[in-house]
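Novice: One structure coming up, written as structure tokens, with questions to follow.
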Amino acid sequence: MSYADEVFIQNCKDILENGVWDTDREVRPRWEDGTPAHTVKKFGIINRYDLREEFPIITVRRQYFKSAVDELLWIWQKKSNNVHDLGSHVWDAWADETGSIGKAYGYQLGIRHHYPEGDMDQVDKVIWDLKNNPASRRIMTNIYTFADLSEMALYPCAYSMTFNVSGNTLNGILNQRSQDMLAANGWNVMQYAALLTMMAQVGGFVPGELVHVIADCHIYDRHVPVIEKIIKNEPFPAPKVTLDPTVRDFYAFTKDSFTVEGYRWHDCSEKIPVAV
């Protein structure tokens with residue numbers, strides 16, 4: 001069994017069995033037909049994935065790894081806020097007529113700031129510190145900028161990444177304010193595992209633990225039957241994921257820099273609605 005499957009199944013069971021419903025409250029998200037999109041949730045879930053053991057990709061439902069990496073690079077490498085720069089359509093529902101999602105995600109990472117080492121954006125500062133000051137306890141990014149929230153199509157869900165070097169190992173903590181378990185959990189986990197792997201290679205380290213901290217971990221009402229079916233699937237072993245060892249420049253990585261071998265999955269025939 002893939003360890004990512006084990007974590008995913010346990011999280012979903014915990015939410016369904018012990019979670020709290022918000023059906024007694026007004027909620028912001030809506031389904032396409034205008035109906036309020038209610039959720040059942042658990043607060044403060046923390047999951048740990050050791051990339052030295054296996055790469056976390058769930059198998060109880062198919063995951064599109066290269067599309068997930070493409071979106072990650074759109075945010076962290078291109079630092080774009082326009083869906084026309086993205087290879088998938090996952091952000092289309094939040095984009096305006098020009099393709100912009102406002103001052104969100106990649107826009108925030110691309111803002112340059114002044115440091116003693118020079119003018120850099122958040123991504124460049126992480127890379128500089130990993131190479132020049134790996135003992136630092138300040139290697140992190142944060143895109144939840146209060147001054148710009150009113151100009152974002154969606155407030156950042158995964159909003160902060162902290163990197164920490166221990167010996168020759170690079171570990172990371174992903175902080176997420178909100179997590180849609182069906183639509184986004186497997187996607188975000190493999191994305192930030194990929195990011196940790198790339199940053200480790202750039203800095204000359206071995207990728208270690210990814211710690212995923214989720215404040216509001218939830219399942220939408222219309223997703224419950226799908227989740228109940230998915231978590232009954234028998235998981236397959238984790239696939240092997242490798243990164244092209246010749247690439248040492250973060251800005252030279254592409255989605256094809258990764259190779260996935262031995263990935264088996266269960267198909268999900270149900271249409272999965274997305275609340276906006």
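Novice: Checking the structure you have, find out if any residue of segment 81-89 is of a type in the set (Ser, Thr, Tyr), buried (at least 20 other Cβ atoms within 10 Å of the Cβ) and within 17 Å of residue 276 (Cβ to Cβ).
Specialist: no
Novice: Another question, if that's okay. Cβ-Cβ under 9 Å, sequence separation 6+ or interchain: first residue in segment 72-88 and closer than 16 Å to residue 252 by Cβ, partner open to solvent by 30 Å² or more (accessible area, probe 1.4 Å) and aromatic (Phe, Trp, Tyr). Which pairs?
Specialist: If the second residue must be open to solvent by 30 Å² or more (accessible area, probe 1.4 Å) and aromatic (Phe, Trp, Tyr), the pairs left are 77/251; 79/107.
Novice: Among the residues of segment 195-246, count how many are more than 24 Å from residue 271 (Cβ to Cβ) and not small (Gly, Ala, Ser). Can you show your working first?
Specialist: We begin by selecting, within segment 195-246, every residue more than 24 Å from residue 271 (Cβ to Cβ); these are 195-216, 237-246.
Filter once more, so that each one left must be not small (Gly, Ala, Ser): 195-199, 201-202, 205-207, 209-214, 216, 237, 239-246.
Total meeting the criteria: 26.
Novice: Now a separate question. Would you list the strands (runs of 3 or more DSSP E) that sit entirely within segment 197-276 and hold 3 or more residues that are in contact with an Asp or Glu (Cβ under 8 Å, 6 or more places away or on another chain) and under 23 Å from residue 46 (Cα atoms)?
Specialist: Where strands (runs of 3 or more DSSP E) fall fully within segment 197-276 and carry at least 3 residues being in contact with an Asp or Glu (Cβ under 8 Å, 6 or more places away or on another chain) and under 23 Å from residue 46 (Cα atoms), they are 206-220.
Novice: Select from segment 1-22 the residues that are out of contact with any Pro (no Cβ under 9 Å at 6 or more places or on another chain) and of a type in the set (S, T, N, Q) and list them in ascending order.
Specialist: 10, 11, 18, listed by residue number.
Novice: Which one of these does residue 25 not meet: (1) touching a strand residue (DSSP E or B) at 6+ places or on another chain (Cβ under 9 Å); (2) farther than 19 Å from residue 93 by Cα; (3) not small (Gly, Ala, Ser)?
Specialist: (1)
Novice: Could you tell me whether segment 145-163 includes any residue that is among the acidic types (Asp, Glu), surrounded by fewer than 20 Cβ atoms within 10 Å (Cβ to Cβ) and within 20 Å of residue 74 (Cα to Cα)?
Specialist: yes
Novice: Further question on the same structure: Inspect segment 17-25 for any residue being out of contact with any helix residue (DSSP H, G or I) (no Cβ under 6 Å at 6 or more places or on another chain), open to solvent by less than 40 Å² (accessible area, probe 1.4 Å) and either of a type in the set (Asp, Glu) or touching a residue at least 24 places away in the same chain (Cβ under 8 Å) (or both) and give the result as yes or no.
Specialist: yes
Novice: Out of the residues in segment 44-73 meeting the condition of being open to solvent by 40 Å² or more (accessible area, probe 1.4 Å) and not in a strand (DSSP E or B), tell me which one is nearest to residue 91 (Cα to Cα).
Specialist: 67
Novice: In segment 82-108, how many residues are more than 20 Å from residue 256 (Cα to Cα) and either in contact with a strand residue (DSSP E or B) (Cβ under 6 Å, 6 or more places away or on another chain) or among the small types (Gly, Ala, Ser) (or both)?
Specialist: Result for segment 82-108: 9.
Novice: Right, here's the next one. Say we look at segment 202-225 and pick out the residues that are aliphatic (A, V, I, L, M) and under 21 Å from the mean Cα position of the chain (by Cα); which of these is surrounded by the fewest Cβ atoms within 10 Å (Cβ to Cβ)?
Specialist: Within segment 202-225, the first condition is being aliphatic (A, V, I, L, M), and the residues that meet it are 202, 206, 210-211, 213-215, 219, 224.
Applying the additional criterion that residues be under 21 Å from the mean Cα position of the chain (by Cα) yields 202, 206, 210-211, 213-215, 219.
Details: 202: 20, 206: 13, 210: 25, 211: 17, 213: 18, 214: 25, 215: 15, 219: 25.
Across segment 202-225, the extreme among qualifying residues is 206.
The values are calculated or read from the model by the stated rules, or taken from the named source; none is laboratory data. Computed from a predicted structure; not experimentally measured. Cβ sites come from the backbone with ideal geometry, for glycine too, and all protein chains shown count toward neighbours. Please note that ligands, DNA and RNA were not included when accessible areas were found on the heavy atoms of the full protein model with its side chains. Shrake-Rupley method; radii C 1.70, N 1.55, O 1.52, S 1.80 Å.
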